[in-house]
Structure formats: structure tokens, C-alpha cells
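Visitor: Would you mind keeping the following structure in view while I ask a few things?
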Amino acid sequence: MIFGRAPDGREVRAFDLRDDGISARVIEWGAVLQDLRVDGVDRSLVLSFSDLDGYLGDTEHIGAVVGRVANRLSGGRFSVEGREHRATRNIGGRDTLHGGARGWGRRCWTMLDATSKRVVFRLRDPDGAEGFPGAVDAQVVYAVRPHALEVSIFATARAATVLNPTHHHYFNLSGERSIDAHELELNAGRFTALDARLMPTGELANAVGETDWRRARRIGAARLDLNYCLADQGRAAPERAATLSGGGVAMTVLTTAPGLQVYSGDNLPPGGRFSPRAGMCLEPQFWPDAPNNPGFPSIEIAAGARLQQTTRFVFAKA
């Protein structure tokens, strides 16, 4: 199915996936998850645009796979093999967010293989793109299985570089205007402490009081934009990270990533297609600004090395 045309005139295709209890639609632009539904619920569980123009004008990375480095890089600075580099600074000309102005979520991927239950997208990220050294061959695999969606990201570096991709889906399980009535539970007792610019200080804070979500509770007015530390390094198989519940739907997130950015969507622009807090992001990733915090798990990757990250979203009745 043709979803629209990219700015260069290329056709952007959409692919529908279906298995017992679940269906999804993904598109080549940004490797976006455009629609996600579970049987018995008459609404999509993710924020989305109905046409490509919405995604072309989007500044909030709705539904996209972001990279080469997700989250923030202070000053856009990072080092690879002892040599300093600087990525495009797309936050007030000062810092880098989600891979720069034309990161992976702002480009057209190519479908390599598609069936009714699985689609594989590919992106060749050239040396120097957005200031990142070394070419990278990336793939995203969306697969449905009974009552679950699995997203795997693979990336092979042709030269030493940094890599920390993630997917940026905004979930709203209830269909209500905001996610305030949802309940959240996190399998993490620490998070990366932040300064006033939302940059990690290098310290880990214990989750206590309002930052402690180890027991499920209503989100309410809580403003969340924190990386919770699931582990000190990536895991071999997906492990439980979070459960989000709303509108009679429970979604459990399992991932191999050592961190989970939890974002309550407060910066979605007022007056736009979606109002602030219309969706919640649960972004599996390495810890933010890792190159500038030596105590964090490293995101530097050697020439010829391959990154693999898998996240599974499992759905049930709440």
C-alpha cells in the first residue's frame, strides 16, 4: 500500500501485520509504527497521523525509530577512539537530540522483506551523517505474535562510532485526551539524575517518593522525562521493564536494553494534532549522554561490530 511520497518523490509504503489478537501498520518513513490495535478495542493504541504529510511536518518523533544516538548529547560532543566529534546541535543550537536534525526518524527506510506477520526495514546511514563518524547499516524488524508486538533493531558499524537507537512510540491505551488516568509500574529503582537542561549529571538517583514507580499507581499530574536504569549493561534476552495500563488494556514491556526513558508527553505542542500528555513514550535505550559520562554503559562500537536490541510489548485485559 502506498502511504504517500517523500520529499524526494520516492513512494513511501505501508505494511499491515496481523496475528492472533493483534494488528499493526508500519511505514517506510522513519520506520514508523503508524497503527497498533488489539482485538476487542475499537481504537489505535498509539498516536499517529493518517497521512505522510503529518509525519513530514512532525517535530516530536511520533512513532519513529530514532538514532543514530537517541536522547541527548551535551553540546553534541562525543569521542570515538579518543578523537572528539560534534553532532548537529538541534536543541537551541546547543545540544543534540535523537540523532540531530535529520536523524533516522526523519529519513525514508527501505523494505527488505515483508510477510503478514513480519516486516524488515533497512537504512544505510553514511559516514558523517549529522556529524557521526563511520557508515552504519541499520535494520528494524517489526513482528507480531499472539497478543504481542516485537521490535528489534540491528546495526552494524563499518568504522568505529557511537550507537544508541530506540523507538519513539507514544502510547495511549484508553483513547482519552491524556494519559493521566493510566497506571504505570516500572521494574527499576534508580534513574539518571538530571540538571536544569535535562542533561545527566553523571550521578544515579534512587527512586523515592514521586519518582518511585515500582508499585503500580495512577500517573495523575506527574511530569516524567527520566531514564530509569534497568541494568548496568544490555541483556541477552528481553526482561520486564514496565507495565502501562489504561482503558481496560494492560501492556507489559520487556527489553534487552539497560535503560528505559519514560516520557509523559508534556512537550507535545499545544494546538497541534495532539495536545500535551496525549501519549506516553517508553523508550528502551542505553543511558543518555553516555559518551560524556564515563560511568555509564558505553555506546561506542568498534568497526565491524553489531548492535542488537529487542523489545516486546505484550497485551492483556487490565
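Visitor: Considering only region 79-91, state which residues are of a type outside the set (Val, Ile, Thr), within 19 Å of residue 66 (Cα to Cα) and either outside any strand (DSSP E or B) or in contact (Cβ under 8 Å) with a residue 60 or more places away in the chain (or both).
Guide: 87, 89, 90
Visitor: Mind checking which residues of region 43-63 are closer than 16 Å to residue 23 by Cα and either of a type in the set (Ser, Thr, Tyr) or open to solvent by 30 Å² or more (accessible area, probe 1.4 Å) (or both)?
Guide: Answer for region 43-63, where residues must be closer than 16 Å to residue 23 by Cα and either of a type in the set (Ser, Thr, Tyr) or open to solvent by 30 Å² or more (accessible area, probe 1.4 Å) (or both): 43, 44, 48.
Visitor: Of all residues in region 255-291, which are open to solvent by less than 40 Å² (accessible area, probe 1.4 Å) and farther than 19 Å from residue 71 by Cα?
Guide: 274, 275, 278
Visitor: Here's something else I'd like to know. In region 17-42, which residues are part of a strand (DSSP E or B), in contact (Cβ under 8 Å) with a residue 40 or more places away in the chain and open to solvent by less than 80 Å² (accessible area, probe 1.4 Å)? Break it down stepwise before answering.
Guide: Taking region 17-42 as the starting set, the residues that turn out to be part of a strand (DSSP E or B) are 17-19, 22-27, 29, 33-38.
From the residues that got through so far, the ones that are in contact (Cβ under 8 Å) with a residue 40 or more places away in the chain too are 17-19, 22-24, 26, 29, 33, 36, 38.
Across region 17-42, the qualifying residues are 17, 19, 22, 23, 24, 26, 29, 33, 36, 38.
Visitor: Within region 125-154, count every residue that is more than 25 Å from residue 252 (Cα to Cα) and in contact (Cβ under 8 Å) with a residue 40 or more places away in the chain. Break it down stepwise before answering.
Guide: Step one: of region 125-154, the residues more than 25 Å from residue 252 (Cα to Cα) are 125-138.
If we keep only those that are in contact (Cβ under 8 Å) with a residue 40 or more places away in the chain too, we end up with 125, 129-134, 136, 138.
Residues that pass the stated criteria total 9.
Visitor: Another one. Can you give me the number of residues within region 159-186 that are part of a loop (DSSP other than H, G, I, E, B) and of a type in the set (A, V, I, L, M, F, W, C)?
Guide: Residues meeting the conditions: 6.
Visitor: Could I ask something else about it? Can we say residue 221 is assigned to a loop (DSSP other than H, G, I, E, B) and either free of Cβ contacts under 8 Å to residues at least 60 places away in the same chain or in contact with a Cys (Cβ under 6 Å, 6 or more places away or on another chain) (or both)?
Guide: Answer is yes for this residue.
Visitor: Also, quick follow-up: Tell me which of these residue 59 doesn't satisfy, since it passes every other one: (1) within 24 Å of residue 131 (Cβ to Cβ); (2) modelled with pLDDT of 95 or more.
Guide: Status for residue 59: all satisfied but (2).
Visitor: Looking only at residues in region 108-123 that are in a loop (DSSP other than H, G, I, E, B) and in contact (Cβ under 8 Å) with a residue 24 or more places away in the chain, which one is nearest to the chain's Cα centre (by Cα)? Working first, answer last.
Guide: To start, the set of residues in region 108-123 that are in a loop (DSSP other than H, G, I, E, B) comprises 109, 115-117.
Subsequent filtering for residues that are in contact (Cβ under 8 Å) with a residue 24 or more places away in the chain retains 109, 116-117.
Details: 109: 16, 116: 24, 117: 21 Å.
In this case the residue turns out to be 109.
Visitor: Does residue 14 meet the test of being within 22 Å of residue 280 (Cβ to Cβ), part of a strand (DSSP E or B) and open to solvent by less than 10 Å² (accessible area, probe 1.4 Å)?
Guide: Against the criterion (within 22 Å of residue 280 (Cβ to Cβ), part of a strand (DSSP E or B) and open to solvent by less than 10 Å² (accessible area, probe 1.4 Å)), residue 14 does not qualify.
Visitor: Here's something else I'd like to know. Just give me the residues in region 172-192 being farther than 23 Å from residue 37 by Cβ and out of contact with any strand residue (DSSP E or B) (no Cβ under 6 Å at 6 or more places or on another chain), in sequence order.
Guide: Hit for region 172-192 is 189, nothing else.
Visitor: Being of a type in the set (S, T, N, Q), open to solvent by less than 50 Å² (accessible area, probe 1.4 Å) and in a strand (DSSP E or B) narrows it down to one residue among 201, 156; which is it?
Guide: 156
Visitor: In this structure, does residue 67 turn out to be under 26 Å from residue 156 (Cβ atoms) and touching a Phe, Trp or Tyr at 6+ places or on another chain (Cβ under 6 Å)?
Guide: It is true that residue 67 is under 26 Å from residue 156 (Cβ atoms) and touching a Phe, Trp or Tyr at 6+ places or on another chain (Cβ under 6 Å).
Visitor: OK, next. Sort out which residues of region 229-284 are in contact with a strand residue (DSSP E or B) (Cβ under 9 Å, 6 or more places away or on another chain) and among the polar types (S, T, N, Q), and write them in order of number.
Guide: 243, 245, 252, 255, 256, 261, 264, 267
Here is a yes/no grid of residues against (1) open to solvent by less than 40 Å² (accessible area, probe 1.4 Å); (2) under 26 Å from residue 92 (Cα atoms):
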| position | (1), (2) |
| --- | --- |
| 188 | yes, no |
| 192 | yes, yes |
| 196 | no, yes |
| 205 | yes, no |
| 213 | yes, no |
| 216 | no, no |
| 221 | no, no |
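Visitor: Small (Gly, Ala, Ser), part of a helix (DSSP H, G or I) and open to solvent by less than 40 Å² (accessible area, probe 1.4 Å) - does that describe any residue in region 94-107?
Guide: Yes, that holds for at least one residue.
Visitor: I've got another one for you. Residues of region 295-318 being at negative phi, touching a residue at least 60 places away in the same chain (Cβ under 8 Å) and not in a strand (DSSP E or B), which ones?
Guide: The initial filter retains those residues of region 295-318 that are at negative phi, namely 295-303, 305-318.
Filter once more, keeping what is touching a residue at least 60 places away in the same chain (Cβ under 8 Å): 295-297, 299-303, 305-318.
Residues satisfying the conditions are 295, 296, 297, 299, 302, 303, 305, 318.
The values are calculated or read from the model by the stated rules, or taken from the named source; none is laboratory data. Note that the structure is predicted; figures quoted are calculated from it, not measured. With ideal geometry, Cβ positions are generated from the backbone for all residues, glycine too; neighbour counts draw on all protein chains shown. Just the protein is used for accessible areas: all its heavy atoms, side chains included, with ligands, DNA and RNA removed. Shrake-Rupley method; radii C 1.70, N 1.55, O 1.52, S 1.80 Å.
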